Amino acid sequence: MILKELFANFAILTSLIFLYTQLIKTPLNRSSKLKHKIHAGVVAGISSDILMFYSINIGDTIFDLRHIPLILVAFYGGITPITIALLFFIVGRLMIGFSFASYIAIGYILTVSVITLFLASKVKMSLQMKIAIILTANNVLLSVMAVFLVESKEPLYLLLPTYWVASYSAGVLAFYMLVYLRKTKLLLDKYKLESTTDGLTGLNNVRKFDEVFNTLTNNVRQKEEKLSLLYIDIDFFKHINDTYGHGDGDIVLKELGALLSSSTRSFDIVSRNGGEEFSVILLDCSLERANEISERIRKNVEQFPFTLSSGEEINITVSIGVASYPETTNDVSVLIEEADKALYQAKRSGRNRVCMNYEVNQLPILTSV
């Protein structure tokens with residue numbers, strides 16, 4: 001019976017930890033937002049009450065793993081979530097009954113929480129050592145409390161060794177599981193970010209560009225909004241790489257990415273589509289406004305001093321192709337093709353300029369700005 005109840009406690013504990021890590025998007029830490037700390041405190045307090053409800057009986061004495069959720073939330077979240085969790089625990093414990101034993105139990109949990117907070121934030125040692133000290137302190141305190149409160153000492157010969165083994169096992173399992181799930185979550189978030197973000201500039205990569213563009217074109221058709229697209233290419237970028245090296249070429253690309261972001265509207269979507277080619281999706285933007293933004297980008301790039309690793313400053317220029325729905329094309333699906341044609345025209349007609357591609361009676365007419 002003891003093993004059965006113990007197994008049930010372990011199952012409840014691990015299930016609660018797993019559910020919490022799946023529901024909360026970011027792992028809990030001391031710099032987490034207040035709402036995340038509140039959520040963690042509530043979950044830990046309720047989890048402690050649930051484990052207290054499923055206590056393990058040995059004769060007339062009971063024990064449980066109520067301390068594990070409280071230790072976890074105090075260790076990772078700090079004082080705010082543990083305070084909230086303790087309020088839930090205290091209410092749950094007093095609902096069982098008001099007695100001297102209740103007050104002692106509350107005092108014991110408060111002491112364990114303070115020890116956990118101190119070790120987590122003030123003491124420099126390995127995670128394994130901190131866990132061992134916290135669990136040992138908890139076990140010692142509960143053992144002293146049990147000896148003091150239980151009149152018949154005979155059940156303690158079975159209770160205390162069982163509790164120590166269960167507490168150590170559950171604590172180590174809970175920390176291991178939480179560390180593993182936290183690492184898994186962080187790695188997953190990292191891979192998701194890397195799959196859609198250009199590693200050099202921090203802008204959207206071509207995969208994210210395609211995803212966003214396809215979504216926007218569907219929305220444009222439904223809502224009949226305007227949509228403009230800029231294709232931007234660095235003039236003579238190969239010369240920069242050949243002259244200064246690829247390392248300085250990367251510096252230019254990175255600085256250009258930041259310059260494009262600062263030269264566009266906050267809600268516009270800037271991407272690096274590959275190599276020295278960038279794009280800007282201008283939401284609900286007319287051709288006239290797109291030309292204004294393009295010209296601002298062109299001038300900002302022309303006037304900006306790009307600082308290389310040696311400290312030398314160089315100037316570059318960009319060519320920009322503009323396409324706008326429904327003004328340069330009445331088919332939003334060919335907006336990329338039209339912007340690319342306009343960019344080619346900007347390159348062919350001298351570079352460092354903005355061009356747009358008009359579609360009139362199926363025949364393209366290229367104009368420069």
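Quick check for the stretch 191-331: number of Lys pairs with alpha-carbon distance under 26 Å, counting only pairs 8 or more apart or on different chains?
10
Cα atoms only: what Rg and Dmax, in Å, come out for the chain?
31.6, 99
In the neighborhood of Thr80, defined by Cβ-to-Cβ distances under 15 Å, what is the net charge if each Lys or Arg adds +1 and each Asp or Glu adds -1?
Result for the neighbourhood of Thr80: +4.
Going highest first, how would you order 182-190, 116-124, 286-294, 41-49 by mean Cβ packing within 10 Å?
41-49, 286-294, 116-124, 182-190
Give me the net charge of Lys130's neighbourhood, meaning all other residues with Cβ under 15 Å from the Cβ of Lys130; Lys, Arg count +1, Asp, Glu -1.
Here the charged neighbours net out to +3.
I need the P(r) histogram for the stretch 158-240: all alpha carbon pairs, bin width 10 Å from 0 out to the longest distance, whole percents.
In whole percents, the pair-distance histogram is 13, 21, 20, 16, 11, 10, 6, 3, 0.
Add -39500 (n - 2.57) for each DSSP H run of 4 or more in the chain, then divide by its residues: what number comes out at 222 nm, to the nearest 500 deg cm²/dmol?
Helices in the chain give a 222 nm mean residue ellipticity of -21500 deg cm²/dmol.
Could you tell me which helices of the chain pass both thresholds, a Cα extent of 30 Å or more along their own axis and a mean Kyte-Doolittle hydropathy of at least 0.5, with helices taken as whole DSSP H runs? If you can, show how the numbers build up before the last one.
Details: long enough: 2-23 (31 Å, 1.38); 100-122 (33 Å, 1.66); 127-149 (33 Å, 1.79); 156-196 (59 Å, 0.54).
The answer, listed by residue number, is 2-23, 100-122, 127-149, 156-196.
If I model a spin label at Glu337 and Phe98 as a point 7 Å from the Cα along the Cα→Cβ vector, what separation in nanometres do I get?
8.1
Report the semi-axes of the equivalent ellipsoid for the stretch 201-285 in whole Å, largest first, where each axis is √(5λ) for an eigenvalue λ of the Cα gyration tensor.
29, 12, 10
Which residues in the stretch 157-186 place their backbone N less than 18 Å from a point set 7 Å from the Cα of Val147 along the Cα-to-Cβ direction?
Under 18 Å, as judged by backbone N against the label point of Val147, lie 157-165 of the stretch 157-186.
Which log10 I(q)/I(0) values, to two decimals, does the stretch 93-211 give at q = 0.21 Å⁻¹ under the Debye formula with one point per Cα?
Those come out to -1.20, one per q.
Lys35: which lysines have alpha carbons under 21 Å from its alpha carbon, excluding same-chain residues fewer than 8 sequence positions away?
Lys25, Lys185
Specify the inter-centroid distance of the stretch 6-80 and the stretch 143-213, based on alpha-carbon positions, in whole Å.
The two parts, judged by their Cα centres, are 11 Å apart.
Would you work out the Kirkwood radius for the stretch 218-369? I mean one over the mean of 1/r across all pairs of different Cα atoms, in Å.
On the way: mean 1/r = 0.0637 Å⁻¹.
Answer for the stretch 218-369: a Kirkwood hydrodynamic radius of 15.7 Å.
Just order 163-171, 245-253, 82-90 by mean Cβ neighbour count inside 10 Å, highest at the front, would you?
Going by the mean number of other Cβ atoms within 10 Å, highest first, we get 82-90, 163-171, 245-253.
Rule-based calculations on the coordinates, nothing more; no lab input. These figures come from a predicted structure and were not determined experimentally. Counting neighbours? That spans all protein chains shown, and the Cβs are built from the backbone with ideal geometry, glycine included.
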